[in-house]
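**Student:** Pasting a structure below so you can have a look.
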Amino acid sequence: MRKIIPASLLLLLIAGAYTSCKKYDGQKAAQQRASWVESLNDSIAQIAARRTADSLRIEELRASIAQGIQQFTQVANPREVEPYYILSGFRSQYPLSGTGIAARMTSGEQAELIAALRGRQFDAIRVSADGQSLTSATVPPDQALNYTSGGLTTVAFTGGAADSICALIRDHSADPITLEYLRNNTIASSITLTPAQKEWVGHTWAVCGAHKEARQLEARQLTDSRKIELLRLTIAAQHQE
């Protein structure tokens, strides 16, 4: 015979079950919140560790820059808007008087790659070493960054592509390096860099590259500091709820 549960008892059972479920859901939510806060704290620890490592690296880079910049000579050229720096050992070889490549540094410690070609004009360069090849930006003739005088065309390259070419030359200074002069994406001429040319570019980039890396790390430190601040505010808000 089927047993009938009184309505009053059934209501008590339902109420108890609801209370238990509500209590379980509350505990589960609290555990999830605690786990989330723990993950936020882990993120803070990781970012703080990276920020500390970046600080140490910046100190190393600044020391390297301070030592390396002593090898440069400041040059004030009336044709230039502001002075620039040339490695002292190559001061007598710049400005270039024939086909070749050089590097100099601005007062803001930015790299400038200078290429020259006698007898033909060009608007870009391509550098190849050990199976790798990099092409510069195109600089149209403007009698400023790309000018021809006495049959010699000289072009100045700056920016990310020029930085990458400088780094390639430095990193492969022991390998044969080919420099191609391009005009409208067609090879106008090519040379193989001499050890002196590779040294000139490589040593200049050692300082300019260190300065660029230091600026990037300093920018990341500012971003990391903001991230840590926001994470801490989020955690504090959770504790107040």
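**Student:** Mind listing whichever residues of the stretch 162-212 are of a type in the set (Asp, Glu) and open to solvent by 60 Å² or more (accessible area, probe 1.4 Å)?
**Tutor:** 171, 199
**Student:** All but one of (1) within 17 Å of the chain's Cα centre (by Cα); (2) farther than 27 Å from residue 212 by Cβ hold for residue 159; state the number of the condition that does not hold.
**Tutor:** Checking residue 159 against (1) within 17 Å of the chain's Cα centre (by Cα); (2) farther than 27 Å from residue 212 by Cβ, the one that fails is (2).
**Student:** Inspect all residues belonging to the stretch 116-128 and state whether any of them is of a type outside the set (Val, Ile, Thr), within 24 Å of the chain's Cα centre (by Cα), within 24 Å of residue 174 (Cβ to Cβ) and surrounded by 13 or more Cβ atoms within 10 Å (Cβ to Cβ).
**Tutor:** yes
**Student:** Looking at (1) part of a loop (DSSP other than H, G, I, E, B); (2) in contact (Cβ under 8 Å) with a residue 40 or more places away in the chain, which is the only condition residue 143 fails?
**Tutor:** (2)
**Student:** If the requirement is being open to solvent by 40 Å² or more (accessible area, probe 1.4 Å) and either out of contact with any helix residue (DSSP H, G or I) (no Cβ under 7 Å at 6 or more places or on another chain) or not hydroxyl-bearing (Ser, Thr, Tyr) (or both), which of these qualifies: 131, 159?
**Tutor:** Result: 131 is the single residue among 131, 159 that is open to solvent by 40 Å² or more (accessible area, probe 1.4 Å) and either out of contact with any helix residue (DSSP H, G or I) (no Cβ under 7 Å at 6 or more places or on another chain) or not hydroxyl-bearing (Ser, Thr, Tyr) (or both).
**Student:** Sticking with this structure for a sec: Of everything in the stretch 1-60, what is under 47 Å from the mean Cα position of the chain (by Cα) and at pLDDT below 55? Give them in sequence order.
**Tutor:** none
**Student:** Within the set of pairs 6+ apart or on separate chains, which have a first residue in the stretch 75-102 that is in contact (Cβ under 8 Å) with a residue 24 or more places away in the chain and in a loop (DSSP other than H, G, I, E, B), a second that is of a type in the set (Phe, Trp, Tyr) and crowded, with 19+ Cβ neighbours inside 10 Å, and C-beta atoms under 9 Å apart?
**Tutor:** Note: pairs meeting the criteria are 99/181.
**Student:** Just need a number here: residues in the stretch 205-223 that are under 21 Å from residue 168 (Cα atoms), in contact (Cβ under 8 Å) with a residue 24 or more places away in the chain and out of contact with any strand residue (DSSP E or B) (no Cβ under 7 Å at 6 or more places or on another chain).
**Tutor:** First, pick out the residues of the stretch 205-223 that are under 21 Å from residue 168 (Cα atoms): 205-216.
Keeping just the survivors that are in contact (Cβ under 8 Å) with a residue 24 or more places away in the chain gives 205-214.
Still in the running and out of contact with any strand residue (DSSP E or B) (no Cβ under 7 Å at 6 or more places or on another chain): 206, 209-214.
Of the residues in the stretch 205-223, 7 are under 21 Å from residue 168 (Cα atoms), in contact (Cβ under 8 Å) with a residue 24 or more places away in the chain and out of contact with any strand residue (DSSP E or B) (no Cβ under 7 Å at 6 or more places or on another chain).
**Student:** On the given criteria, is residue 106 at pLDDT below 95 and touching a strand residue (DSSP E or B) at 6+ places or on another chain (Cβ under 9 Å)?
**Tutor:** Values: at pLDDT below 95: yes; touching a strand residue (DSSP E or B) at 6+ places or on another chain (Cβ under 9 Å): yes.
Yes; evaluated as a whole, the condition is true for this residue.
The values are calculated or read from the model by the stated rules, or taken from the named source; none is laboratory data. The shown structure was predicted, so the numbers you read here are calculated from the model rather than taken from an experiment. Counting neighbours? That spans all protein chains shown, and the Cβs are built from the backbone with ideal geometry, glycine included. Note: areas computed on protein heavy atoms with side chains; ligands, DNA, RNA excluded. Shrake-Rupley method; radii C 1.70, N 1.55, O 1.52, S 1.80 Å.
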